[in-house]
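Below is one structure, written out as structure tokens, with a few remarks after it.
The values are calculated or read from the model by the stated rules, or taken from the named source; none is laboratory data. Predicted, not measured: the structure shown is a model, and the values here were computed from it. All Cβ positions, even for glycine, are placed from backbone atoms using ideal geometry, and neighbour counts span all protein chains on display. Ligands, DNA and RNA are stripped out before the accessible areas are found, and what is left, the full protein with its side chains, is counted by its heavy atoms. Shrake-Rupley method; radii C 1.70, N 1.55, O 1.52, S 1.80 Å.
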Amino acid sequence: MLRPTAPALIALVLMAQTLDAQVTSERLLNTTNEPQNWLTYSGNYSSTRHSPLSQIDPSNIDELELKWVFQARSLEKFETTPLVVDGIMYLTEAPNTVVALDPVFGRVFWKYEHTPSSESRPCCGRVNRGVAILGETLFMATIDAQLIAIDTISGQPIWQTTVADPTLGYAMTLAPLVIDDKVVVGVAGGEFGIRGYISAFDAATGEEVWRFYTIPGPGEPGHETWEGGGDAWMHGGASVWLTGSYDPELNLTYWGIGNPGPDWNPAQRPGDNLYSDSVVALDADTGELVWHFQFTPGDPYDYDSVQIAVLADIDIPEFSSGKLMLWANRNGFFYVLDRETGEFISGEPFVRVNWASGLDESGRPIETPQPLGETTYPCVAGGTNWYSPSYSPSTELFYVTAWDGCGSVFRPVEVEYRPGQRFLGGRPTSPNPGAPGLAGLERGPINNWTDERGTGAIIAIDPRTHEHRWRFDMTDVSSSGILTTGANLLFMGSRDGYFHALDARSGELLWRTTLGGPFANGPMTYEAGGSQFVAVASGNGLFVFGLRE
């Protein structure tokens with residue numbers, strides 16, 4: 001049986017990690033060769049959140065038990081996905097503290113704490129979603145728009161680069177993406193009238209290598225989609241606050257782009273407003289745009305498209321390459337795209353939708369805006385949101401956390417841009433007067449959710465046909481991501497505090513336990529000391545499970 005590491009040996013453990021193997025770009029390209037580790041935010045460059053590990057399976061899931069807990073000192077939402085690298089776990093606690101732990105016993109090796117500027121003003125919580133790694137260096141993006149490189153052994157900073165100005169509302173909450181020798185990040189702050197961008201930095205020096213603006217400037221293709229003249233494009237949002245994906249064969253990196261601003265008053269920014277509510281495919285070496293696909297042109301609903309691009313190779317009739325992108329969008333539609341060209345292949349609603357009657361042959365929505373004062377579906381929180389989906393190559397199904405039947409009433413309001421202040425242009429309201437308030441991404445102190453406000457569900461979608469193979473309904477909505485494994489297990493949490501294991505083939509509930517707090521991160525799995533573990537955050541703690549010995 002493994003024993004906890006003695007304090008005097010901590011340094012040796014961390015040094016041994018480096019002596020064994022650094023995290024090279026080659027290792028990041030071949031994560032399937034080392035399923036015992038979890039080397040990127042989404043587990044791999046394809047962002048499938050699928051692990052081949054299978055020690056925990058349907059036959060022994062009843063023997064799953066809690067092994068250890070890490071209690072964060074922050075009361076913010078615990079949104080981080082840990083990395084596990086050669087016997088060391090790295091996670092962040094809000095707002096910007098990095099922690100190195102023993103993944104078997106939870107002992108803390110070191111902490112690095114960055115104190116954000118008092119000028120930082122992220123819209124939706126002082127949160128962080130994790131770190132990236134290359135060589136012996138971790139990379140953290142901060143809510144005051146700094147990018148910091150941290151030594152994996154000592155926990156000391158190596159360099160720090162200012163990415164944007166927090167006084168104007170810029171922030172970063174995402175986990176960076178390492179591609180080759182570059183660290184790629186995007187800026188949040190769409191609610192403050194920023195102009196979004198994605199930047200790549202030299203991993204060794206912190207110098208910016210390239211920058212792609214998510215709103216085209218004058219003279220650039222797409223600028224004409226900001227109609228009416230004026231400076232609407234300068235304050236049009238289109239932020240980037242979730243980690244991208246990467247196809248090494250095509251050398252393309254894919255990023256979801258946020259909503260245009262002001263959020264709910266499109267009259268102040270007429271046109272399609274590229275590249276808001278889009279996925280952009282960028283050349284990973286240069287940052288040049290190769291293609292884009294826009295999901296919600298001229299969005300008046302805040303249906304930002306920052307969701308994770310899931311890359312899968314699936315044979316579909318009349319589509320020869322099989323190199324697909326699967327995307328469950330906040331606007332309520334599930335899309336299948338050609339990730340080489342951006343061509344629209346198919347799309348169908350996966351939740352209740354009434355703002356559009358469908359999609360045309362190019363994938364553009366056939367819009368059916370509701371009369372002023374009437375309810376629009378999905379609600380402002382969307383059919384899904386930032387929480388990660390999963391794709392299992394064994395079942396060939398796509399799994400998404402959905403909010404179904406949740407609606408909002410949208411009323412635009414004229415708003416003037418003021419640097420560093422919110423730039424919203426309205427506020428959605430509940431369609432049910434007298435009912436509990438508008439659906440939010442956080443649960444209140446009293447769980448008074450009712451079916452009248454919508455239903456939370458995990459939906460298994462067949463990408464070939466859009467058929468819902470199964471659906472697991474919950475008593476509340478959820479902000480949990482999803483993990484699937486080689487044993488055909490699916491792990492996810494719910495806002496009422498339960499952690500579930502389902503059969504990924506049928507949706508059958510196999511196991512659950514209560515952890516007492518809502519879930520706001522994606523479960524992940526790893527192997528250490530010959531045993532498989534599953535880690536998930538609930539409330540303000542990270543809970544790690546393994547099989548009973």
Can you give me the accessible area per residue for the chain, using a 1.4 Å probe, in Å²? 35
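About its Cα centre, what dipole magnitude does region 89-216 give when the only charges are +1 on Lys and Arg Cβ and -1 on Asp and Glu Cβ, stated in debye to the nearest 20?
Working: 8 positive and 14 negative charges, 73 e Å.
For this selection, approximately 360 debye.
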Between V290 and residues 5 or more places away or on another chain, the pairs with built amide H atoms under 5 Å apart involve A281, L282, D283
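Between L66 and E367, 0.36 nm times their residue separation minus their Cα-Cα distance comes to what?
Details: separation 301, 0.36 × 301 = 108.36 nm, distance 4.85 nm.
Contour length minus Cα-Cα distance gives 103.5 nm.
Could you work out [θ]222 nm for the chain from helices alone, using -39500 (n - 2.57) per DSSP H run of at least four and dividing by all its residues? Round to the nearest 500 deg cm²/dmol. Could the numbers behind the result be given before it?
Values: 2 runs with 16 residues, N = 549.
Value at 222 nm, helices only, nearest 500: -1000 deg cm²/dmol.
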Calc'd 3J(HN,Hα), region 71-80, phi into Karplus 6.51 cos²θ - 1.76 cosθ + 1.60 (θ = phi - 60°), Hz, glycine/Pro = x, comes to 9, 5, 7, 8, 9, 6, 4, 9, 9, 6
Cα→Cβ-extended label distance, 7 Å offset, between E220 and N33, nm: 3.7
Which one, V184, P122, G332, is farthest towards the positive end of the dipole of the chain when Lys and Arg carry +1 and Asp and Glu -1 on their Cβ? P122
To test your reading of the geometry: what angle, between 0 and 90 degrees and rounded to tens, separates the Cα axis of helix 10-20 from the longest principal axis of the chain? 80
Accessible surface of region 208-280, 1.4 Å probe, proportion on carbon and sulfur as whole %: 52
Let me check the size of the chain from its C-alpha atoms; what are the radius of gyration and Dmax in Å? 21.9, 70
Considering only protein heavy atoms, what is the solvent-accessible area of F499 at a probe of 1.4 Å, reported in Å² to the nearest 10? 0
Dipole-positive endmost among S506, V98, T465 within the chain (Cβ charges, Cα centre): V98
Suppose every Lys and Arg Cβ carries +1 and every Asp and Glu Cβ carries -1, with no other charges. What dipole size does the chain come out with about its Cα centre, to the nearest 20 debye? 1600
Heavy atoms of D272: accessible area, 1.4 Å probe, square angstrom to 10: 50
Among 54-62, 162-170, what's the highest-first ranking by average C-beta atoms within 10 angstrom per residue? 162-170, 54-62
Please turn the phi angles of region 189-206 into ³J(HN,Hα) values with the Karplus equation 6.51 cos²θ - 1.76 cosθ + 1.60 (θ = phi - 60°), one per residue in order, whole Hz, x for glycine and proline. x, x, 6, 10, x, 6, 10, x, 7, 10, 10, 10, 10, 5, 5, 7, 10, x
Quick one: Karplus J couplings for region 333-345, per residue in order, coefficients 6.51, -1.76, 1.60, θ = phi - 60°, nearest Hz, x for Gly and Pro? 9, 9, 10, 10, 10, 7, 7, 7, 10, x, 4, 6, 9
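For the chain, what does the relative contact order come out to in percent, with C-alpha contacts under 8 Å and a separation of six or more? Write down the numbers at each step before the final one.
Working: 1574 pairs, mean separation 77.3, N = 549.
So the answer I get is 14 percent.
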28 Å Cα-Cα reach of K182 towards lysines, excluding residues that sit fewer than 8 places from it in its own chain: K111, K323
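Let's test the formula: R0 of 41 Å, r as the Cβ-Cβ distance of F105 and D473. What FRET efficiency results, to the nearest 0.05? List each step's numbers first, then the result.
Numbers: r = 37 Å, r/R0 = 0.90.
So, using R0 = 41 Å, E works out to roughly 0.65.
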Would you rank K77, K67, K111 by solvent-accessible area, highest first, keeping every protein chain in place and using a 1.4 Å probe? K111, K67, K77
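Which order do you get for H114, H223 if you rank them by accessible area with a 1.4 Å probe, largest at the top? Each step should come with its number before you reach the end.
Numbers: H114 20, H223 40 Å².
Descending accessible area places them as H223, H114.
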Portion, in percent, of the accessible area of region 147-202 that falls on carbon or sulfur, probe 1.4 Å: 48
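By how many nm would the segment from R73 to D151 lengthen if fully extended, with 0.36 nm per residue of separation less the alpha-carbon distance?
Working: separation 78, 0.36 × 78 = 28.08 nm, distance 2.22 nm.
Value of the extension gain: 25.9 nm.
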Could you check the spin-label model distance between A267 and S118? Points 7 Å from the Cα along Cα→Cβ, value in nm. 4.0
